[in-house]
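The values are calculated or read from the model by the stated rules, or taken from the named source; none is laboratory data. What you are looking at is a predicted structure, and each value in this text was computed from that prediction instead of being measured. Neighbour counts run over all protein chains shown; Cβ positions are idealised from the backbone, glycine included.
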Amino acid sequence: MTTAFITHSDCLKHETPPGHPEQVARLKYILEATKDLDLLRIEAPLATQKNILSVHPQSHIDLINANSPEDGTRPLDGDTHMSPGTISAAYRAAGGAVCAVDTVLSGKAKNAFVAVRPPGHHAETQVPMGFCLFGNIAIAAKHALDFHKLSKVVVVDFDVHHGNGTQDLLWNEPRALTITSHQMPLWPGTGRPEERGEYDNVLNLPLPPNSDGSYMRSMYREKVFPKMRSFNPDLILLSAGFDAHIDDPLAELKWEVDDFAWITREVCNLATDCCSSRVVSILEGGYNLDALAACTKAHIENLIEAN
C-alpha cells in the first residue's frame, strides 16, 4: 500500500491580491518540498454539481459563478477573492477531496493527502468566507457516507482557526463527528465548547494564545482521541492546517514541526485500530511559506510511514 498525493495545476491559477496570505506560492512550496517523496500521484478531478450540492444549495453555486471576474481579482468579502482561474481551482479542490476518499476506500492507497487551494473549512452553507469557497472536507465526508455508504466518519481539524464552515455544514449530520482544535480568541470567533452539534456530534477544543505543542498534546490525549475511539469511525478525515506553527503570521500558537508529525502519527495509529488505517488529509491553512513546506512534508512522511 502507499500514500496518494492529489493535486492539480489549476490550483496554481487561483490568484489573490498582492500581499494576500493565501497565495499561489503556498502550493508551489508544498510541491517543491514533496517532489522527491514516494507517492501515488493523482490529478484532482473536477467536483460534480452533485458533490457540491451535497452540502451547499444551488444559490451558493450561483453566487460563486456570478462573481467570477474576466480579469484581475474580485473580492467576495474583505478576505476572500476570486480571479479568472478560481472557479476551476475550487472545483479541483473539492474534486480532489472526493477523489481521495474514492482512492482510499477502493484500496488503491492506504491514506491520502490532498494538496489543493482554495481551502474549504470556513465556507458555510451559503457564505464563502475566510479564503474558502466550497466546504471541501464536508463534501468529502458526505461522499463517504452517501456514496460509499459508510456508517460513520470523523473530521479532525487542527488548523489554528476554527473550522466554522465544516461545523455549519455537518451540524445536523449524526453520522459525522466533527472535532476542531483552534486558538481562542481568534477569527472567526466561533468554536466555543458549548457548540456541540444537533446530535452531540461536534467537539470544540479552544486553545489559549501562546500555548505550545505540549499543551496541545495533553488536550488531544485527554479529549480528542478518547472521543474518536468511542465514536469508532469507518474513515478519518483531517483538515490539515499548518498555521498553528510558531512562525505563522496570522495566529499566536507555538507548535513546532514535530507537533504536526505527532498528530499525524497518533491519528494513523488510531486509524489502524478502528478503520483499517484509512485516513484522508486535506490542506487548509498555513501562511509562513517555509513553515508550511516543512510541516506538510513531515505530515506526509508520517502518512507514508503508516503504510
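Cβ-Cβ contacts under 6 Å between residues 6 or more apart (or on different chains), taken from a first residue in segment 89-118 that is touching a residue at least 40 places away in the same chain (Cβ under 8 Å) and on the phi < 0 side of the Ramachandran plot to a second residue that is among the acidic types (D, E) and outside any loop (DSSP other than H, G, I, E, B), are listed as A89/D10; R92/D10.
Mind listing whichever residues of segment 74-84 are within 13 Å of K13 (Cβ to Cβ) and assigned to a loop (DSSP other than H, G, I, E, B)? Of everything in segment 74-84, those that are within 13 Å of K13 (Cβ to Cβ) and assigned to a loop (DSSP other than H, G, I, E, B) turn out to be S83, P84.
Okay, residues lined up against (1) under 23 Å from E301 (Cα atoms); (2) of a type in the set (V, I, T); (3) assigned to a loop (DSSP other than H, G, I, E, B); (4) touching a Phe, Trp or Tyr at 6+ places or on another chain (Cβ under 9 Å):
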residue: R196; (1), (2), (3), (4): no, no, yes, no
residue: L203; (1), (2), (3), (4): no, no, no, no
residue: M219; (1), (2), (3), (4): no, no, no, no
residue: P226; (1), (2), (3), (4): no, no, no, no
residue: L237; (1), (2), (3), (4): yes, no, no, no
residue: P249; (1), (2), (3), (4): no, no, yes, yes
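May I ask you to verify whether E266 is in a helix (DSSP H, G or I) and either among the small types (G, A, S) or modelled with pLDDT of 95 or more (or both)? Don't jump to the end; show me each part of the working.
Numbers: in a helix (DSSP H, G or I): yes; either among the small types (G, A, S) or modelled with pLDDT of 95 or more (or both): yes.
Judged against the criteria, E266 is a match.
Of all residues in segment 190-199 being in contact (Cβ under 8 Å) with a residue 24 or more places away in the chain and surrounded by fewer than 18 Cβ atoms within 10 Å (Cβ to Cβ), which is nearest to D159 (Cα to Cα)? Only one residue tops the list, namely E195.
Among the candidates G286, G213, single out the residue that is in contact with a Leu (Cβ under 8 Å, 6 or more places away or on another chain), more than 19 Å from L105 (Cβ to Cβ), of a type outside the set (D, E) and crowded, with 19+ Cβ neighbours inside 10 Å.
Numbers: G213 fails: in contact with a Leu (Cβ under 8 Å, 6 or more places away or on another chain).
Sole residue among the options that is in contact with a Leu (Cβ under 8 Å, 6 or more places away or on another chain), more than 19 Å from L105 (Cβ to Cβ), of a type outside the set (D, E) and crowded, with 19+ Cβ neighbours inside 10 Å: G286.
Pairs linking a residue in segment 134-162 that is under 22 Å from S276 (Cβ atoms) and crowded, with 24+ Cβ neighbours inside 10 Å to a residue that is basic (K, R) and at pLDDT 95 or above, with Cβ atoms under 7 Å and 6 or more positions apart or on different chains, are V153/R175.
The set of residues in segment 233-263 being surrounded by fewer than 24 Cβ atoms within 10 Å (Cβ to Cβ), within 28 Å of D102 (Cα to Cα) and touching an Asp or Glu at 6+ places or on another chain (Cβ under 9 Å) consists of A261 alone. I'd like the residue in segment 264-283 that is surrounded by 21 or more Cβ atoms within 10 Å (Cβ to Cβ) and among the polar types (S, T, N, Q) and, out of all such residues, is farthest from the chain's Cα centre (by Cα). Filtering first and then ranking leaves T264.
Does segment 86-103 hold any residues that are closer than 13 Å to L46 by Cα and surrounded by fewer than 23 Cβ atoms within 10 Å (Cβ to Cβ), and which are they? Give the steps one after another, and end with the answer.
Here is the first cut: in segment 86-103, the ones closer than 13 Å to L46 by Cα are 86-100.
I87, S88 - these are the residues of segment 86-103 that are closer than 13 Å to L46 by Cα and surrounded by fewer than 23 Cβ atoms within 10 Å (Cβ to Cβ).
On inspection, V280 passes the criterion of being of a type in the set (A, V, I, L, M, F, W, C) and within 22 Å of H122 (Cβ to Cβ).
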